[in-house]
Amino acid sequence: ATTLGASAAATGRYFGTAVAAYKLSDSTYANILSTEFNSVTPENEMKWDATEPSQGTFSFGSADQIVNLAKNQGKKVRGHALAWHQQQPSWAQNLSGTALRNAMVNHVTQVATHYKGQIDSWDVVNEAFADGGGGGRRDSNLQRTGNDWIEVAFRTARAADPAAKLCYNDYNTDGQNAKSNAVYAMVQDFKARGVPIDCVGFQSHFNAQSPLPADYQANLQRFADLGVDVQITELDIEGSGTAQASSFAAVVRACLAVTRCNGITVWGIRDSDSWRASGTPLLFDGSGNKKAAYTATLDAL
Ligand code: XIL
């Protein structure tokens, strides 16, 4: 096939991108989006600060724009993210204990209910584990409401939208290390106790400090072997030219080699759309031209 989405679809997968609602009026951006990708993730529009700016008052306008575009163009939607320690509205940052727990549960219920039936996969919980060798949870206001907050979020999401696949999503979990081992243990425990979890997202933000790990495929496979789908959710790779192109191809090959790796999402369309302050980590240059990384990705799919 001649596009990323169609090539991925040929093996039953999707190839998606993060999308910013305010860029949809940019015709270069909108044309690449409609042509190349068959899944979208709202980059910021479904986060807590965007969807519940004051407690109990929900605002879905920008996220709805993206979901409606996806519906019109037959694309899947990855919902991102129901519960996260970042991009919380200030009212939530000022809560703790039972009040915060109840606010989180209500938030998950309201947002998942609003999009019921329209989300392929939800990042129910994002980035809840600590970096470094400790293999523990990240300290956060949500974690301080009790260690069971993650499973409560998953059970709440399942009750609100039983058809959506429910994912745990994180970074620096792409290879086997203390952090991914801790996530692995949580997924194993959830599976053993019947806590609803269907997928694990691997953000895959790679650069010189944190390159594509040699055991990437093996790590995806061990999670898949627990009985969950695995998804590459926020891929970007700092660099340029053939080195960058071969890293993108290696990511695609790793996913294709894992039966339950059912989709890849890049975190933006053009280099100029990247959340990274500098660099050229995406598949299209600032003018929307296909880079070597694009061709290598398409060829590997
Ligand atoms: C980033 C967005 O791309 C930026 O626009 C925003 O300012 C900050 O968040 N991990 C995640 C994403 O799960 O939500 C983050 O997105 C990038 C890191």
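The values are calculated or read from the model by the stated rules, or taken from the named source; none is laboratory data. Keep in mind it's a predicted model, so treat the numbers as computed, not measured. Cβ coordinates were reconstructed from backbone atoms using ideal geometry, including for glycine residues, and neighbour counts include every protein chain displayed. Heads up: the accessible areas ignore ligands, DNA and RNA and are worked out on the full protein's heavy atoms, side chains in. Shrake-Rupley method; radii C 1.70, N 1.55, O 1.52, S 1.80 Å.
The figures follow:
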{"item": "Backbone HN-Hα couplings from phi across region 278-292 [Karplus 6.51/-1.76/1.60, Hz, Gly and Pro as x]", "result": "9, x, 9, x, 10, 8, 10, 6, x, 8, x, 7, 5, 8, 4"}
{"item": "Region 145-301 - convex hull of alpha carbons, volume per residue in Å³", "result": "131"}
{"item": "Accessible area per residue in Å² at 1.4 Å probe, computed on region 122-250", "result": "34"}
{"item": "Probe 1.4 Å - accessible area at Trp91, Å² to nearest ten", "result": "40"}
{"item": "Table column - 3J(HN,Hα) (Hz), region 268-275, Karplus curve with 6.51, -1.76, 1.60, x for Gly and Pro", "result": "x, 9, 9, 3, 6, 8, 5, 5"}
{"item": "Positive-pole candidate from Gly227, Trp267, Asn177, dipole of region 148-280, charges at beta carbon", "result": "Gly227"}
{"item": "Net length gained if the chain between Thr242 and Ala192 were fully extended (0.36 nm per residue, minus Cα distance)", "result": "13.6 nm"}
{"item": "Potential lengthening between Lys290 and Asn181 on full extension [0.36 nm per residue; Cα-Cα distance subtracted]", "result": "35.6 nm"}
{"item": "Dipole moment magnitude, nearest 20 debye, region 258-301 about Cα centre, only Lys, Arg, Asp, Glu C-beta charged", "result": "100"}
{"item": "Distance between region 209-278 and region 1-51 - C-alpha centres, whole angstrom", "result": "16"}
{"item": "Test item: Cα-centred dipole of region 97-254, Lys/Arg +1 and Asp/Glu -1 on Cβ, debye", "result": "460"}
{"item": "Label-to-label distance, nm, for residues given as Ser34 and Asp215 (7 Å Cα→Cβ offset)", "result": "4.6"}
{"item": "Dipole axis of the chain (+1 Lys, Arg; -1 Asp, Glu on Cβ), positive-most option in Gly132, Trp48, Ala9", "result": "Ala9"}
{"item": "Relative packing of 118-131, 248-261, which averages over residues the other C-beta atoms within 10 Å, highest first", "result": "118-131, 248-261"}
{"item": "Amide H within-cut-off set for Asp236, under 5 Å, with H built and near neighbours excluded", "result": "His205, Phe206, Trp267"}
{"item": "Simple Cβ-charge dipole of the chain, Lys/Arg +1 and Asp/Glu -1, about Cα centre, in debye nearest 20", "result": "520"}
